[in-house]
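Data block below; observations after.
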Amino acid sequence: MGEEKIIREVDDKDEEIYRVLKLALEAGQILLRSGAEIFRVEETMHRICKYYGYDNVDTFTVSNAIIVSLEGEKRELFAKVKNVPMSGAHLEIVAEINDLSRQIEAGLYTIDEAFEKLKEIEQIKPNSGLAQVLAAGMASGCLGYMFGATAMEGVGAFFTGLLLYIWIVCAGRRGLSKIVTNIIGGVIITFLAIGASWIFPVLRPDKLIIGSVMPLVPGVAFTNAIRDIADSDFISGTVRITDAIFVFAYIAIGVGFAWTCYNYLIGVM
């Protein structure tokens, strides 16, 4: 009976370590998938593990993978690896999990309650497609004006940016790749800008394109890449900044292709 009790206690302890490890990893992968910086992902996992009594925790995080290891009371090691596909940013989820880690530290959640809260946070939906489209239009108009467009050109950029983001939303729902989405997006805004300048000759197509292209620019990803490099997370920073540079290249290819086609057609006519 005594030996059976010891075995059961060891099994219970191992189960607790595994659950803490799984909780920390789940929080980390949701953060990483939602566009959080590497230091925030690792800090959150450390906070969770240390609160539940596991100070010997090591984490290794890159832009699309997390490795976490915990050391038990008898110096046994528990480790888990998680692949995290790169995706867009969802800053509300990042903020919620950031708050959750601090609430766990304050003793407000048991492990089971923390798992339930994580599930709730993961279900948070982004803003509606209509809200995103309108926000993209406003950003395009304002940024176009900031970069030298007239008020009328700013209005034109609002509508071209709005139409562009309708394409982005549709492409996202169909699961199209980043390459296709951004190249076709560049083509769309260029032809829209050229068409608008034909209908309204006072509009300059280059100013419309500059404003309208902003919804395609990966600003959060680029900023996080710089932040990761500044925090000496060179692998993740390099991967993210390379991804952002490729997006810039896709946009340029789309715009350049459409502009070249337009010039060719004008020359033929």
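Each value in this text was obtained by applying a stated rule to the coordinates, not by laboratory testing. This one's a predicted model, so the numbers in the text were calculated from it and none came from an experiment. As a convention, Cβ positions derive from the backbone with ideal geometry for all residues, glycine included, and neighbour counts pool all protein chains shown.
Laid out as a table, the results:
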item: Rel. contact order, % - alpha carbon contacts under 8 angstrom, at least six apart, region 85-179; result: 22 percent
item: Relative contact order of region 12-123, pairs being alpha-carbon contacts under 8 Å that are 6 or more residues apart, as %; result: 29 percent
item: 5 angstrom amide H check on Ala65, placed H, neighbours 5+ away; result: Val84
item: Unit charges at the beta carbon, dipole of region 12-123: most positive-side option, Tyr52, Ser34, Met86; result: Met86
item: Segment Thr150-Phe39, extension gain: residue separation times 0.36 nm, minus the distance between their alpha carbons; result: 35.8 nm
item: Extension gain (nm, one decimal) between Val169 and Glu92, 0.36 nm per residue minus Cα-Cα; result: 25.8 nm
item: Selection from Ile210, Leu162, Val187 lying farthest towards where the dipole of region 115-222 points positive, charges on Cβ; result: Val187
item: Cut-off under 5 Å, modelled amide H: who pairs with Asn56 long-range; result: Glu71
item: Under Karplus coefficients 6.51, -1.76 and 1.60, residue-wise ³J(HN,Hα) of region 63-76 in Hz, glycine/proline x; result: 5, 9, 7, 10, 10, 10, 9, 10, 10, x, 5, 9, 6, 7
item: Förster radius 30 Å - calculated FRET efficiency between Gln103 and Phe191 (Cβ-Cβ, nearest 0.05); result: 0.05
item: Helical contribution to [θ] at 222 nm, DSSP H n ≥ 4, -39,500 (n - 2.57), averaged over the chain, rounded to 500; result: -24500 deg cm²/dmol
item: Phi to ³J(HN,Hα) by Karplus 6.51 cos²θ - 1.76 cosθ + 1.60 over region 228-234, Hz, x for Gly, Pro; result: 4, 5, 5, 8, 6, 8, 5
item: Residue-wise HN-Hα coupling along region 213-225, computed from phi with Karplus coefficients 6.51, -1.76, 1.60 (Hz; x: Gly, Pro); result: 6, 4, x, 7, 5, x, x, 5, 4, 5, 5, 5, 4
item: Among [x] 58; [y] 65; [z] 61, the entry that matches percent of Cα pairs over 23 Å apart as calculated here; result: [z]
item: Computed over the chain: relative contact order in percent, which uses C-alpha pairs under 8 Å that are six or more apart; result: 16 percent
item: Nearest-0.05 FRET efficiency for Ala249 and Phe159, computed from C-beta distance (R0 25 Å); result: 0.45
